[in-house]
Amino acid sequence: MQSRDQPRGELCVPSPYRVVDRTVETADTVTLAIAPVDSLARAWEPGQFNMLWMPAVGEVPISISGGVGGGATGGDRGGDGTVLLHTIRAVGAVTRALCALEPGQTLGVRGPYGRGWDLDAASGRDVVIVGGGLGLAPLRPVVHETLRGRDRYGRLAFLAGARTPEDLLYMSELGQWRARTDLQTEVTVDAVPGREWRGDVGVVTTLLPRIPFDPGRVVALVCGPEVMMRFVAAELLRQGVAPGDIQVSLERTMQCAVGSCGHCQLGSSFICRDGPVVTWERVGAAMGVRER
Ligand SMILES: Cc1cc2nc3c(=O)[nH]c(=O)nc-3n(C[C@H](O)[C@H](O)[C@H](O)COP(=O)(O)OP(=O)(O)OC[C@H]3O[C@@H](n4cnc5c(N)ncnc54)[C@H](O)[C@@H]3O)c2cc1C
Ligand code: FES
């Protein structure tokens, strides 16, 4: 894993990054494109996160939602000199300060940290990617990566959900994915209080029956609010998917991000070091869903 190969001390010191672009995704969420000021961006894996630091405000963990540049890989595995994307929802002091950053302004970045999605485990299998709300952020590079290595996988499906149409991230990209024939993309929203919506209404689990997968051949990658991940995992287990074939990305309060402080402990795991992506086999009991 990338974070294991790097000296811990170096990883604990933020490097200066500059905002090079800012995209407003929804009323409270923006995607920042950031580039290192005086260093090279570190290589990263889909599912890993960085600690973003606003001096005098604080530091928070934010998933890497994509990369720009990076040569042959197109950027989604990082590499020297790449621009990193982070999609941030303003919920408190630090995330509000990050969302207010404009191109040209700077922030501190340390990372990447943690274990990302295990795409080797998905090789030769059907892949069902399920994202809810902000959970689309760490899954976006997975969609890019699986499409880039499309031949490695069987059936490929992406199920996306949000509270309302206004909360859906990456709208134009979702449209492009829906037009593809080698990726089945289904989108639903919980409710339609605002603008016109001709798509599905209902929680994301209602989309699962549309994906004709063989439970013994599928790997599921799931990220979203914890309650949503519990429901999705419960439905997949009910259909006969093995808990070890369900990967989820967890959020816990973090401070050090290198497995030292204990803030992110879940059962015997430190989510910053052993996650954020873990199998249901590892955390299902602690998350309160029984296995079949
Ligand atoms: C591995 C990881 C990846 C993450 N990726 C992203 C991302 O891509 N984009 C993004 O916007 N956010 C992401 N988060 C959540 C983000 O770190 C929190 O929203 C942030 O720490 C809130 O800090 P704050 O100072 O802005 O707000 P605070 O004042 O700390 O909190 C505001 C509100 O958010 C709640 N909150 C704080 N931290 C979390 C958390 N970790 N999980 C759930 N609720 C929380 C608090 O209970 C409170 O209600 C991620 C968290 C983790 C652990
Ligand atoms: S954040 Fe310190 S141990 Fe995980």
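Take the residues of segment 235-250 that are polar (S, T, N, Q) and surrounded by 19 or more Cβ atoms within 10 Å (Cβ to Cβ): which is farthest from ligand 1 (Cβ to nearest atom)? This residue is 247. Would you confirm whether or not segment 255-268 contains a residue that is β-branched (Val, Ile, Thr), farther than 27 Å from residue 13 by Cβ, touching a Leu at 6+ places or on another chain (Cβ under 9 Å) and touching a residue at least 12 places away in the same chain (Cβ under 8 Å)? No; the residues of segment 255-268 include none that is β-branched (Val, Ile, Thr), farther than 27 Å from residue 13 by Cβ, touching a Leu at 6+ places or on another chain (Cβ under 9 Å) and touching a residue at least 12 places away in the same chain (Cβ under 8 Å).
The number of residues in segment 77-107 that are closer than 27 Å to residue 27 by Cβ and either part of a strand (DSSP E or B) or modelled with pLDDT under 95 (or both) comes to 9.
Residue count for segment 163-181, restricted to those that are open to solvent by 50 Å² or more (accessible area, probe 1.4 Å) and part of a loop (DSSP other than H, G, I, E, B): 4. Give the residues of segment 118-129 that are touching a helix residue (DSSP H, G or I) at 6+ places or on another chain (Cβ under 8 Å), open to solvent by 20 Å² or more (accessible area, probe 1.4 Å) and either under 17 Å from residue 141 (Cβ atoms) or among the hydroxyl-bearing types (Ser, Thr, Tyr) (or both), sorted by residue number. Across segment 118-129, the qualifying residues are 121, 123. Checked against (1) under 14 Å from the mean Cα position of the chain (by Cα); (2) open to solvent by 20 Å² or more (accessible area, probe 1.4 Å), residue 106 meets all criteria but (1). Across segment 33-47, not a single residue is classified as assigned to a strand (DSSP E or B), modelled with pLDDT of 95 or more, under 13 Å from residue 137 (Cβ atoms) and not assigned by TED's automatic domain parsing to the domain that holds residue 276. Does segment 251-281 hold any residues that are surrounded by fewer than 21 Cβ atoms within 10 Å (Cβ to Cβ) and away from ligand 2 (no atom under 11 Å from the Cβ), and which are they? Selection gives 251, 267, 268, 279, 281.
Tally time: how many residues in segment 223-234 are surrounded by 23 or more Cβ atoms within 10 Å (Cβ to Cβ) and of a type in the set (Phe, Trp, Tyr)? Number of matching residues: 0. Do we have residue 220 as within 16 Å of ligand 2 (Cβ to nearest atom) and either within 22 Å of the chain's Cα centre (by Cα) or surrounded by 15 or more Cβ atoms within 10 Å (Cβ to Cβ) (or both) here? No, not satisfied.
The values are calculated or read from the model by the stated rules, or taken from the named source; none is laboratory data. Just so it is clear, the model here is predicted, and its values are computed rather than measured. Positions of Cβ are backbone-derived with ideal geometry, glycine not excepted, and every protein chain shown enters the neighbour counts. Areas reflect the complete protein model, heavy atoms only, side chains present, ligands, DNA and RNA absent. Shrake-Rupley method; radii C 1.70, N 1.55, O 1.52, S 1.80 Å.
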